[in-house]
Amino acid sequence: MKKTIFLSSIVLATSLASCKKDDSAADKGADKEKTKPAPAEVKGAEGTKVTPDEKAPEEAAKPVATDSAEVKASATIESKSGSKVTGSISFTMKGDKVWVEAKLTGLTPGEHGFHVHEKGDCSSPDGKSAGGHFNPSSVDHGGPDMEMHHAGDLGNIVANAEGVAEMKVELPTSFLSLDAKADNNIIDRAVVVHGGTDDLKSQPSGAAGPRVGCGVIKSL
Ligand SMILES: [Cu+2]
């Protein structure tokens with residue numbers, strides 16, 4: 001992850017060198033590169049002269065500052081179906097990646113189906129108010145590493161002998177997103193933890209048993 005951030009910084013710095021118009025990007029890059037007032041002309045990578053006014057159309061359309069900004073969301077898991085499950089899930093989106101970090105307690109040891117469900121409603125005692133799996137592409141249920149799966153198919157989370165489960169995964173934004181304009185945006189949907197194991201193949205939801213935890217995903 002450090003490497004990704006470092007590379008992003010290079011991309012930013014490169015963008016700054018060739019495009020000093022982007023003031024918001026300049027804010028982000030300020031700590032990395034203490035720039036003197038830019039000269040009227042800078043040499044491009046190929047040795048060609050580039051004036052500050054020159055800008056390729058693709059570059060003009062590229063939202064550099066937006067890509068590097070972090071978007072965060074979280075869900076607080078409450079007990080369902082008479083369980084003692086509680087915990088929290090955090091989601092961090094930066095560029096084309098989303099990191100999901102979960103910590104749950106009160107589970108039975110072993111694997112538990114772990115999904116984003118379509119409705120941000122955890123009000124019912126059995127968690128069924130959260131509806132079915134979030135599946136904006138209307139495809140079959142599967143595991144997160146399989147070619148076909150729901151946007152909400154996070155697979156299983158594994159609890160140790162004490163019933164504590166911790167998970168951190170990195171997913172592409174093509175899997176799920178925190179962008180309000182994206183079809184696979186998970187804000188205001190729900191994370192559901194199941195009492196049993198998601199077998200990653202039974203349709204439509206992996207036969208993972210009762211819903212023992214539920215939390216609405218809220219943007220931060
Ligand atoms: Cu589920």
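Anything in the stretch 152-177 that is on the phi < 0 side of the Ramachandran plot, in a loop (DSSP other than H, G, I, E, B) and surrounded by 14 or more Cβ atoms within 10 Å (Cβ to Cβ)? List them, or say none. Full working, then the answer.
Narrowing the stretch 152-177 to residues on the phi < 0 side of the Ramachandran plot: 152-154, 156-162, 164-177.
Cutting the leftovers down to in a loop (DSSP other than H, G, I, E, B) gives us 152, 160-162, 164, 173-176.
Hits for the stretch 152-177 are 152, 164, 173, 175, 176.
Of all residues being under 21 Å from residue 210 (Cα atoms) and surrounded by fewer than 18 Cβ atoms within 10 Å (Cβ to Cβ) in the stretch 133-143, which is farthest from the ligand (Cβ to nearest atom)? Just the residue, please.
Within the stretch 133-143, the first condition is being under 21 Å from residue 210 (Cα atoms), and the residues that meet it are 133-135, 140-143.
Now restrict to residues that are surrounded by fewer than 18 Cβ atoms within 10 Å (Cβ to Cβ): 140, 143.
On the way: 140: 15, 143: 13 Å.
Only one residue tops the list, namely 140.
Does residue 157 qualify as being within 15 Å of the ligand (Cβ to nearest atom), within 18 Å of residue 95 (Cβ to Cβ) and touching a Leu at 6+ places or on another chain (Cβ under 8 Å)? First the steps, then the outcome.
Numbers: within 15 Å of the ligand (Cβ to nearest atom): yes; within 18 Å of residue 95 (Cβ to Cβ): no; touching a Leu at 6+ places or on another chain (Cβ under 8 Å): yes.
No: the conditions fail for residue 157.
If I ask for residues that are β-branched (Val, Ile, Thr) and either surrounded by 24 or more Cβ atoms within 10 Å (Cβ to Cβ) or more than 12 Å from the ligand (Cβ to nearest atom) (or both), which ones from the stretch 178-212 would you list?
Here is the first cut: in the stretch 178-212, the ones β-branched (Val, Ile, Thr) are 186-187, 191-193, 197, 212.
Once the filter is applied, which keeps residues that are β-branched (Val, Ile, Thr) and either surrounded by 24 or more Cβ atoms within 10 Å (Cβ to Cβ) or more than 12 Å from the ligand (Cβ to nearest atom) (or both), the stretch 178-212 yields 186, 187, 191, 192, 193, 212.
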So, residue 81, is that one assigned to a helix (DSSP H, G or I), surrounded by 17 or more Cβ atoms within 10 Å (Cβ to Cβ) and hydroxyl-bearing (Ser, Thr, Tyr) or not? no
Identify all residues within the stretch 96-111 that are among the hydrophobic types (A, V, I, L, M, F, W, C) and not in a loop (DSSP other than H, G, I, E, B); write none if there are none. 98, 99, 100, 102, 104
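Only the coordinates and a few stated rules stand behind these numbers; no lab work does. Nothing here was measured: the structure is a model prediction, and the numbers come from that model. Cβ: placed from backbone, ideal geometry, glycine included. Neighbour counts: every protein chain shown.
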